[in-house]
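Q: One structure, as structure tokens, below. Some questions next.
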């Protein structure tokens, strides 16, 4: 996740201050305020109660990134610090580590299940990664906001979009056997790529607005979003459910 480093017109510089619930704690050098990584909220210090502004960011495979950004530069590690870098299989090893939050037997998911979290205003919803693989794309509504979640054929790269475009709400389906992934909207028949851009049809050249998503473990997402709902494959958007 990425946060804007400016608060009330002041540019802040952050460093690692500690770990809480296996989550990054930051401290800014200008005011010595402590900030929670996952929420962007200041919880100790002169700026307590302030929140950093989230910026749309990507967590995608290198193959997906390279396909969309063929001229991209790649940050190279520094050889003398290689021993301090996380190993390539860190995401597999961490699955074996115990969590530090209580386990509720009523939870629909296991603590280390990966979810794609979406928070809009006071509403939040967790989309289990395995459910997204079973139902791709996910056309849903959170509150009054029509949204779209799509997962790349690599099974790891996920993006979220608003389905509202120029006053119209779009329904999108996966074009069979498309790789790279292509979606088709049922309103105009336009085709859309993984970046949310229409590449053919009446909507060609238009782009869906991105929404912020967070790939997180269930135990962590629930801790900071205790009222979250959970998506299940085959579930209709709220607006459609009310019609049936």
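The values are calculated or read from the model by the stated rules, or taken from the named source; none is laboratory data. It should be emphasised that the depicted structure is a prediction, and the values quoted were computed from it without experimental measurement. In this analysis, Cβ positions are derived from the backbone assuming ideal geometry, glycine residues included, and neighbour counts consider all displayed protein chains.
Q: Mind listing whichever residues of the range 209-228 are surrounded by 17 or more Cβ atoms within 10 Å (Cβ to Cβ) and touching a strand residue (DSSP E or B) at 6+ places or on another chain (Cβ under 6 Å)? Outline the logic, then answer.
A: In the first step, residues of the range 209-228 are kept if they are surrounded by 17 or more Cβ atoms within 10 Å (Cβ to Cβ); the result is 211, 213-214, 216-225, 228.
Within the range 209-228, 211, 213, 214, 216, 218, 221, 225, 228 qualify.
Q: Would you confirm, using the coordinates I've provided, whether residue 7 is touching a residue at least 12 places away in the same chain (Cβ under 8 Å), under 22 Å from the mean Cα position of the chain (by Cα) and not assigned by TED's automatic domain parsing to the domain that holds residue 194? If you could, list the steps in order and put the result at the bottom.
A: Numbers: touching a residue at least 12 places away in the same chain (Cβ under 8 Å): yes; under 22 Å from the mean Cα position of the chain (by Cα): no; not assigned by TED's automatic domain parsing to the domain that holds residue 194: yes.
Judged against the criteria, residue 7 is not a match.
Q: Give the range 129-175 a look and list any residue that's without any contact (Cβ under 8 Å) to a residue 12 or more places away in the chain and within 13 Å of residue 119 (Cα to Cα), or say none. Before the answer, list the steps.
A: Let us first name the residues in the range 129-175 that are without any contact (Cβ under 8 Å) to a residue 12 or more places away in the chain, namely 144, 167.
Hit for the range 129-175 is 144, nothing else.
Q: Would you confirm, using the coordinates I've provided, whether residue 231 is out of contact with any strand residue (DSSP E or B) (no Cβ under 7 Å at 6 or more places or on another chain) and either modelled with pLDDT of 90 or more or assigned by TED's automatic domain parsing to the domain that holds residue 130 (or both)? Break it down stepwise before answering.
A: Numbers: out of contact with any strand residue (DSSP E or B) (no Cβ under 7 Å at 6 or more places or on another chain): no; either modelled with pLDDT of 90 or more or assigned by TED's automatic domain parsing to the domain that holds residue 130 (or both): yes.
Answer is no for this residue.
Q: Consider residue 190 carefully, then state whether it is over 27 Å from residue 120 (Cα atoms) and touching a residue at least 12 places away in the same chain (Cβ under 8 Å).
A: Values: over 27 Å from residue 120 (Cα atoms): yes; touching a residue at least 12 places away in the same chain (Cβ under 8 Å): yes.
It is true that residue 190 is over 27 Å from residue 120 (Cα atoms) and touching a residue at least 12 places away in the same chain (Cβ under 8 Å).
Q: Continuing with this model, one more query. Could you figure out which of (1) over 15 Å from residue 223 (Cβ atoms); (2) out of contact with any helix residue (DSSP H, G or I) (no Cβ under 7 Å at 6 or more places or on another chain); (3) touching a residue at least 12 places away in the same chain (Cβ under 8 Å) isn't true of residue 88?
A: Going through (1) over 15 Å from residue 223 (Cβ atoms); (2) out of contact with any helix residue (DSSP H, G or I) (no Cβ under 7 Å at 6 or more places or on another chain); (3) touching a residue at least 12 places away in the same chain (Cβ under 8 Å) one by one, residue 88 breaks only (3).
Q: Give the range 29-46 a look and list any residue that's part of a loop (DSSP other than H, G, I, E, B) and within 24 Å of residue 98 (Cβ to Cβ), or say none. Break it down stepwise before answering.
A: Within the range 29-46, the first condition is being part of a loop (DSSP other than H, G, I, E, B), and the residues that meet it are 29-33, 37-40, 45-46.
Of everything in the range 29-46, those that are part of a loop (DSSP other than H, G, I, E, B) and within 24 Å of residue 98 (Cβ to Cβ) turn out to be 37, 38, 39.
Matching residues to (1) surrounded by 14 or more Cβ atoms within 10 Å (Cβ to Cβ); (2) in a loop (DSSP other than H, G, I, E, B); (3) out of contact with any helix residue (DSSP H, G or I) (no Cβ under 7 Å at 6 or more places or on another chain); (4) without any contact (Cβ under 8 Å) to a residue 12 or more places away in the chain:
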position	(1), (2), (3), (4)
24	yes, no, yes, no
27	yes, no, yes, no
48	no, yes, yes, no
70	no, yes, yes, yes
75	no, yes, yes, yes
81	no, no, yes, yes
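Here is a yes/no grid of residues against (1) outside the structural domain of residue 174 (by TED's automatic domain parsing); (2) modelled with pLDDT under 85; (3) out of contact with any strand residue (DSSP E or B) (no Cβ under 7 Å at 6 or more places or on another chain); (4) surrounded by 10 or more Cβ atoms within 10 Å (Cβ to Cβ):
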| position | (1), (2), (3), (4) |
| --- | --- |
| 92 | yes, yes, yes, no |
| 100 | yes, yes, yes, yes |
| 105 | yes, yes, yes, no |
| 109 | yes, no, no, yes |
| 119 | no, no, yes, yes |
| 123 | no, no, no, yes |
| 129 | no, no, no, yes |
| 132 | no, no, no, yes |
| 136 | no, no, no, yes |
